Structure formats: C-alpha cells, structure tokens
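Scroll down for the structure; my scribbles are underneath it.
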Amino acid sequence: MADTIEIHGQCDQRFSSVKEAFARNFESDLEVGASFTATIDGKFVVDIWGGYADEAQTRPWEKDTIVCVWSTTKVMTAICALMLIDRGLLDPDAPVAKYWPEFAQSGKEAVLVRHILSHTAGLPALDSMPLPEETLYDWDRVVELLAAQEPWWEPGRQWGYHALTFGHLVGEVVRRITGKTLGTFFREEVAEPLGADFHIGLPEEHEPRVAEIIPPPQLGPDDLGYIPPESMLGRAMNFPVTSALVARERPFRAAENPAGNGHGNARSVARVAAAVACGGELDGVRLMGAPTIEKALEEQYYGTPQSFPLPIRFGIGFGLTSKEMPMGPNPRVLWWAGWGGSLGIMDLDARVSYSYAMNKMSNMPIGDPRTVPLVAALYKAL
C-alpha cells in the first residue's frame, strides 16, 4: 500500500480528526479498501472512503462500492423483526411455534421469539453437520433442519452465537407472518423507503460494484484468536461456510442469508441505523416507535459464554454496550459487528449512528481495533 492514500467523500470540519484517523489506518497498511460514515440527528457528518476494491489494488474503492459486511447484516434483520413487533404482528414473549408450527419439535415448544432474537435459543448450529456448502442456499432445507433440531441448552439459560442460524430463525418467522422473505421485506419496507444501498440477496446487476473480500491469515491452535472447529463457536461459524472466500462467489452473494451476507457500505448501514438512533423515524419514514426501541434495550444475557472469547451483553436483536465492550460513552446503545471488522452502531442518547465497512478482514471474531481511533475521534468532536 502506498504511503499516501487519498481519502474521498465529505467530512464536516468539526470531525476532521476522524478523517485523519481513517487515513492513518491506510498509512499503517491496515486497510486495502474501506468506508466510514457517521450521522447526527440523521444527517451525514462523516461519509468517507478510500483505497481499493480488489486485492490486487487495481480497482479504486468508489462512492458506490459495496461489500459483504457479514454479521453486520444482523442489524438489518433485527430491525425487520422489531418493525413487526411494533406493528403488533410479532410478540417477543410468544413461542416461536405460534408463527412457525413445525418448530415445536424436539423440545422447542417453549422457545420464545426473544430467545431467537438474543442468541439464547440453543440453536447455534445443527447436529447434522457437516453439511455441504450448497445447503446455505436451500432455505427450505435449513429451516426444516432447524425445526427438527433439539436445543443444545435450555433456551434462555445460556448465550451462544447463532452466527448463521440467526438469519434463518428470524427470517422464517418474518416469512410466516408477512409472506415475504426477509430480503424482500427489508428491501420494500426499509432499504427503498430510506434510499439505503443495502441488499440481502444481491441482484446480479450490482456485481460490478462489489469489493473483493480479502480473508484474514489462517490461525493455528497456538495463535491468539484461534477458534477450535469442534467448539460451540467453531461449529456455529462453520455452518456450513468454512472460508471467507465464498463471499467472492455469485451463488453466495445471490442467496438471502439474513445472518451474514448483506452487501452494502458504511453509508447504507449508517443510514438505516440513523432511523433507529433518531427514535424510529427518519425523513418521514417510520420504522418503529420509541417503546419498541426501549424493548430492544432489555437485557437478555450478560456474561462470558461458553467458547466465546469476550463477555457479551445482549438485548432483543442487538448487542448492548458494557464495561467490557463499551460502544461509546453513552448507555443506550444498540450494535453489532461483522466477521473481520464491519460495524453498525445506534447511539440513542446522542442520536448518532456510525458504521465501518472494509474488504481486508482481520482475525477478530467481533469488532476491530481499526475502528477504535475512529470512534474515539468521533465522540471527542461531539
């Protein structure tokens, strides 16, 4: 990477230190291509990008470049579920089987909607693993297997990252209620009304704009951050994708995986997140009311889960800020991050949203040190 990378986009003078921190990541060879966006009261105050969209560094990262943001997709999926809660169509305290009758198998009659939204349902992966990669693209097959799966623990008693199953569990409930797939519901009810360039199930015409994912170096058992494949987290993360290189393939991009294959950039994530940060409505588009957002803040789990490297505090659909993982200085924050570094944050107290998206993945299972100076500079300037 060249010593000097031009940073494009807009950045209010007040937040020039954010742009400087963003540039330093490139100067330190931490980035290939990336974008960072922040809003206050729904208005863009930082919207910057730079670097390259491909590993060979021949294709510049442009204003409309999009990239797979992995589990930051869960922010969008959780918003869709909260919208149905707000409309009275989905009850977080109801059994999942109320909406998806086939789910009431193998001791899951008492699994509640709040359990699948908080990663406490006991369904982070399937006993029938390993499964061929093609299974990820067969929605009906996956939900059939999940309906038959016995929970790995008593629902609500433990937290385990439902890395890929989250999307099918929540997405199938949305489909049963609305008759629409999660990707379609999101497009029609969220992305198009807000003008957000984010896709769960990428139409082929957008392929030329997609940045090339660059996987992190492979870790061995003695390396910090190594996840044993036989662990709970390892099984969840490898269901059934085992390599980040799958994000370069058209079948993966085209499929609707509401847990982990959304394509967008920092601008589109921050735009959607701004609607929540501003109380559920932005520019005349109402996603939900304030009481529903308050429900999302209700703590469902706080502790250090089995086989997870960090303490987690989780609400209904989102991570919550904690002393171990502070997401800024304010207490009322909803957030989640994607494999390799992407991030989507809603600070309800400051009415701030911010997001980071990149193509060079780190080995961090959640969050990324590249964002720390950006966020620190952002809040210092507020």
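FYI, it's all coordinate maths here, none of it is from the lab. In this text the structure is predicted, and so the values were computed from the model without any measurement. Please note: Cβ atoms are built from the backbone with ideal geometry, for glycine as well, and neighbour counts cover all protein chains shown.
Relative to the Cα centre, what is the charge dipole magnitude of the chain, using +1 at the beta carbon of each Lys and Arg, -1 at the beta carbon of each Asp and Glu, and rounding to the nearest 20 debye?
Charge dipole of the chain: 780 debye, to the nearest 20.
Full-extension gain between GLU134 and GLN306, please, as 0.36 nm times their residue separation minus the C-alpha to C-alpha distance.
So the extension gain works out to 59.0 nm.
At q = 0.07, 0.14, 0.15 Å⁻¹, what is the base-10 log of I(q)/I(0) for the chain according to the Debye formula with one equal point scatterer per Cα and no solvent? Please give it to two decimals.
Debye curve over Cα of the chain, log10 I(q)/I(0) at q = 0.07, 0.14, 0.15 Å⁻¹: -0.27, -1.20, -1.40.
Going out from 0 in 5 Å bins, what whole percent of all Cα-Cα distances in region 136-216 drops into each bin?
3, 11, 17, 19, 18, 15, 10, 5, 1, 0
State the Cα centre-to-centre distance between region 103-120 and region 318-382 in whole Å.
Between the Cα centres of region 103-120 and region 318-382 lies a distance of 29 Å.
Counting other beta carbons within 10 Å of each Cβ, put ARG87, ARG332, ARG267 in order, fewest first.
Lowest to highest Cβ neighbour count: ARG87, ARG332, ARG267.
Given H placed 1.01 Å from N in the peptide plane, which residues other than close sequence neighbours of LYS360 have an amide H under 5 Å from its amide H?
VAL32, GLY33, ILE214
Would you please put 300-307, 45-52 in order of how densely packed they are, using the mean number of other Cβ atoms within 10 angstrom per residue and starting with the highest?
The packing order, highest mean first, is 45-52, 300-307.
For region 273-290, in order, what is each residue's ³J(HN,Hα) by Karplus, 6.51 cos²θ - 1.76 cosθ + 1.60 with θ = phi - 60°, in whole Hz (x at glycine and Pro)?
4, 4, 4, 6, 4, 9, x, x, 9, 8, 6, x, 9, 9, 8, 6, x, 4
May I ask you to compute the full-extension gain from ASP91 to ALA104, defined as 0.36 nm times their residue separation minus their alpha-carbon distance, rounded to one decimal in nm?
Full-extension gain reported as 3.0 nm.
Apply the Karplus parameterisation 6.51 cos²θ - 1.76 cosθ + 1.60, with θ equal to phi minus 60°, to every residue of region 242-256 and state each ³J(HN,Hα) to the nearest whole Hz, in sequence, with x for glycine and proline.
10, 9, 5, 5, 4, 5, 8, 9, 4, x, 5, 5, 6, 5, 9
Rounded to the nearest 500 deg cm²/dmol, what is the calculated helix-only ellipticity per residue at 222 nm for the chain, with -39500 (n - 2.57) per DSSP H run of length n ≥ 4?
-7500 deg cm²/dmol
Tell me which residues come under 5 Å, amide H to amide H, from LEU320 once H is placed; ignore anything under 5 positions away on its chain.
Placed amide hydrogens put ARG313, PHE314, GLY315 under 5 Å from LEU320.
On average, how much area does the Cα convex hull of region 197-355 cover when viewed from any direction, in nm²?
10.6
Please report CYS11, CYS80 as a ranked list, fewest other C-beta atoms within 10 angstrom at the top and most at the bottom.
Going from least to most buried by this count: CYS11, CYS80.
What's the magnitude of the charge dipole for region 183-321 around its Cα centre, counting Lys and Arg as +1 and Asp and Glu as -1 at the beta-carbon? Answer in Debye, nearest 20.
That gives a dipole near 100 debye.
If we sort 66-73, 120-127 on the protection proxy, mean other Cβ atoms within 10 Å, highest first, what's the order?
66-73, 120-127
Looking at region 51-117 from every direction and averaging, what is the projected area of its Cα convex hull in nm²?
If I average the Cα hull's projected area over directions, I get 7.3 nm².
Which residues' amide hydrogens lie under 5 Å from the amide hydrogen of SER118, considering only partners 5 or more residues apart or on another chain, with H built in the peptide plane?
Under 5 Å from the amide H of SER118 lie the amide H atoms of GLY317, each far enough along the sequence or on another chain.
Over all Cα pairs of region 108-250, how is the pair count split among 5 Å bins, expressed in % and running from 0 up to the last occupied bin?
Binned Cα distances yield the sequence 2, 8, 15, 18, 19, 17, 12, 6, 2, 0.
Based on the Cβ-Cβ distance from ARG141 to SER16, what FRET efficiency comes out when R0 is 56 Å, to the nearest 0.05?
Using R0 = 56 Å, I get an efficiency of 0.65.
Output ³J(HN,Hα) for region 310-317: one whole-Hz value per residue in order, computed from phi by the Karplus curve 6.51 cos²θ - 1.76 cosθ + 1.60 with θ = phi - 60°, and x for Gly and Pro.
For region 310-317, the Karplus-derived couplings read 9, x, 10, 10, 10, x, 9, x Hz, x marking Gly and Pro.
Between ALA244 and LEU382, with labels modelled 7 Å along Cα→Cβ, what's the label distance in nm to one decimal, could you check?
Between ALA244 and LEU382, the simple spin-label model gives 2.9 nm.
Report, ordered by chain and residue number, the aspartates and glutamates lying within cross-link reach of LYS19, taken as a straight Cα distance under 15 Å and ignoring same-chain residues fewer than 8 apart.
GLU6, GLU27, GLU31, ASP47
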